[in-house]
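These notes concern the structure reproduced below.
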Ligand SMILES: Cc1cc2nc3c(=O)[nH]c(=O)nc-3n(C[C@H](O)[C@H](O)[C@H](O)COP(=O)(O)OP(=O)(O)OC[C@H]3O[C@@H](n4cnc5c(N)ncnc54)[C@H](O)[C@@H]3O)c2cc1C
């Protein structure tokens with residue numbers, strides 16, 4: 001392995017300058033829970049590692065007008081303890097809190113989970129369902145990307161040379177709205193999702209007035225499943241609507257066959273999890289608490 005430069009950036013501008021100067025050999029270090037594993041395995045060979053954990057904007061959560069901005073390198077443990085964020089977006093927080101173990105949670109970030117671009121990343125389906133916007137900064141300035149457009153393939157993001165992710169913004173929640181994330185893993189914890197489903201709902205009385213569905217681990221990138229959302233909107237989450245939304249999720253699947261699950265299994269489970277996550281989101285709107293699922 002050739003020599004690696006380790007640099008600590010004091011601010012975002014410095015991180016971008018270092019990233020651009022590394023000419024494609026620069027890697028941002030957030031928690032390092034993917035990056036260090038990949039370096040040890042020899043699948044990543046950075047020329048420069050740029051540590052962003054000392055940049056205040058990258059490790060804090062701010063709330064403005066009901067919207068939450070999560071610094072890209074904020075540890076999952078900090079996110080899980082944020083009282084108003086947990087209340088507004090319980091599904092997003094439970095998805096982020098599913099990542100790894102207590103030890104991993106102390107380092108791992110949602111920005112790292114997103115930038116690692118695994119189709120099975122746990123936070124991403126919930127962020128997609130939430131309508132999250134990714135703030136990126138690079139040599140050409142800042143730009144915002146809807147989270148569902150951020151990753152373009154396994155391990156591939158839409159970041160341009162020198163660009164880094166600065167933050168993730170969750171919009172203001174309408175009244176009577178909530179969300180949920182469920183994943184299926186072969187073990188009880190510390191495993192990669194066979195399927196992950198995020199659902200965000202807004203209701204008026206007993207009718208769904210808005211919905212978004214994010215589906216993970218069943219295609220090269222996490223999917224926004226508009227057809228499933230459309231099947232839920234206008235319904236009371238009756239069996240017919242849930243069946244139609246579940247079918248839309250199954251239809252959207254283009255999964256791989258591997259030791260964790262066959263194509264047939266993943267396709268069926270996508271629909272099952274959609275129904276369960278939608279019902280948890282509805283329960284939360286109605287004040288019924290559900291603890292995060294591991
Ligand atoms: C034991 C163990 C269990 C795990 N369990 C899970 C799990 O259950 N679910 C799951 O989804 N993942 C899991 N992971 C994977 C990993 O912990 C997560 O993907 C985590 O969120 C990565 O965040 P990080 O801050 O550690 O990223 P890092 O390792 O620091 O970064 C990951 C990648 O993203 C890039 N990057 C990071 N931040 C930025 C940024 N701001 N801008 C541009 N590029 C950036 C890095 O250069 C690197 O290529 C597990 C890992 C381990 C070791």
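What the table below lists for this structure:
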| quantity | calculated |
| --- | --- |
| Mean Cβ count within 10 Å, highest first, over the residues of peptides 12-18, 74-80, 172-178 | 74-80, 12-18, 172-178 |
| Rg [Å, one decimal], Dmax [Å, integer] - region 5-170, C-alpha atoms | 14.7, 45 |
| Highest-first arrangement of 38-51, 91-104, where packing means the average Cβ count within 10 Å | 91-104, 38-51 |
| Modelled FRET efficiency - R0 35 Å, residue 238 with residue 63, Cβ distances, 0.05 increments | 0.50 |
| Share, in percent, of DSSP beta bridges within region 1-62 that are antiparallel, nearest 5 | 0 |
| Relative contact order of the chain, defined on C-alpha pairs under 8 angstrom at six or more residues apart (%) | 16 |
| Relative contact order for region 5-170, counting Cα pairs under 8 Å that sit 6 or more residues apart, in percent | 24 |
| Cα long-axis angle, helix 263-285 against the chain (0 to 90 degrees, to the nearest 10) | 80 |
| Hydrodynamic radius of the chain per Kirkwood, over alpha carbon pairs, in Å | 19.2 |
| Folded to 0 to 90 degrees: helix 239-252 orientation relative to the chain principal axis, Cα | 30 |
| For region 140-213: span of alpha carbons on each principal axis (Å, largest first) | 48, 36, 17 |
| Ranked packing of 208-219, 130-141, 191-202, 236-247, most packed first, by mean Cβ within 10 Å | 191-202, 208-219, 130-141, 236-247 |
| CD proxy at 222 nm, helix term only [per DSSP H run n ≥ 4: -39500 (n - 2.57); per residue of the chain; nearest 500] | -9000 deg cm²/dmol |
| Region 119-182: C-alpha gyration tensor shape, a/c 1.5 cut-off, then a/b vs b/c | oblate |
| Considering only region 5-170, percent of DSSP beta bridges that pair antiparallel, nearest 5 | 75 |
| Normalised contact order of region 119-227, rounded percent, pairs of Cα under 8 Å and 6 or more residues apart | 35 |
| Calculated over region 183-283: convex hull of Cα atoms, volume per residue (Å³) | 87 |
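Read-outs: derived from the displayed coordinates by stated rules, not from any lab. Since the structure is predicted, the reported quantities are computational estimates derived from the model, not experimental observations. Cβ: placed from backbone, ideal geometry, glycine included. Neighbour counts: every protein chain shown.
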